[in-house]
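J.: I have a structure here, written as C-alpha cells, and I will follow up with some questions on it.
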Amino acid sequence: MKAHLSAREHFTSLVIPEAVREVFLPTMRSDQRQLANALLLQHTGRVQQLLHRIRGALVIASAVQLADIAERIERSLILGNAPKESMAHASHFLETLDATLSYLEAAEPNTAHVPLPTATVETAA
C-alpha cells in the first residue's frame, strides 16, 4: 500500500447556483477556519471530521476532484497511515481550499459555473 502519492488535479469549474452560494461560502469559510484550528492543535480526529464535512459540500458544488483529495486524506487519517504526512497533506489541502474559495468569491455573483485554475495537491493514499 502506498503511504503517499502526488497527483495533479484539474479543477474545471464549480457549479453553485446563487441561492446556494450565499450559504455555501460562509459555511465553507467557517469550516476552513475550524480545520485550520484543528490542524494547529494537531487534533487528527477533528481534522478527519471536518474533511468529511467539507468533502460533502464540495461534492454538492461539483468540485469532485477536490472532494476526492479530501476523501483520500480523510481515509488515511482513519486508517492511521502516516499521521504526520496525512496532517501535512491536510494542511496543503487547506491552502488549496482557501485558493478555491477566494476564486469563487471573486467570481461574478450570478455565475453558476465558476471556472477554476489548475492546482497541484499532495494527497495521502
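Nothing in this text is a laboratory measurement; each read-out follows from the coordinates by a stated rule. Keep in mind that this is a model prediction, so the values were computed, not measured. Positions of Cβ are backbone-derived with ideal geometry, glycine not excepted, and every protein chain shown enters the neighbour counts.
J.: Compute the Kirkwood hydrodynamic radius of the stretch 34-86, taking the inverse of the mean of 1/r over all pairs of distinct Cα atoms, and give it in Å to one decimal. Numbers along the way, then the final one.
T.: Details: mean 1/r = 0.0906 Å⁻¹.
Over the stretch 34-86, the inverse of the mean reciprocal pair distance is 11.0 Å.
J.: Subtract the Cα-Cα distance of His43 and Ala19 from 0.36 nm times their separation in residues, and report this length gain in nm to one decimal.
T.: Once the chain is fully extended between His43 and Ala19, it gains 5.3 nm.
J.: Dipole of the stretch 9-82, Cα-centred, from +1 at each Lys and Arg C-beta and -1 at each Asp and Glu C-beta, to the nearest 20 debye? Can you show the working numbers first?
T.: Numbers: 8 positive and 7 negative charges, 46 e Å.
So the magnitude is around 220 debye.
J.: Next question, about the same structure. Can you tell me the equivalent ellipsoid semi-axes for the stretch 23-118? Use √(5λ) from the Cα gyration tensor, largest first, whole Å.
T.: 24, 13, 11
J.: So, one more: Over the stretch 18-114, what is the mean sequence separation of C-alpha contacts under 8 Å (at least six apart), divided by residue count, expressed as relative contact order in percent?
T.: It comes to 31 percent, rounded to a whole number.
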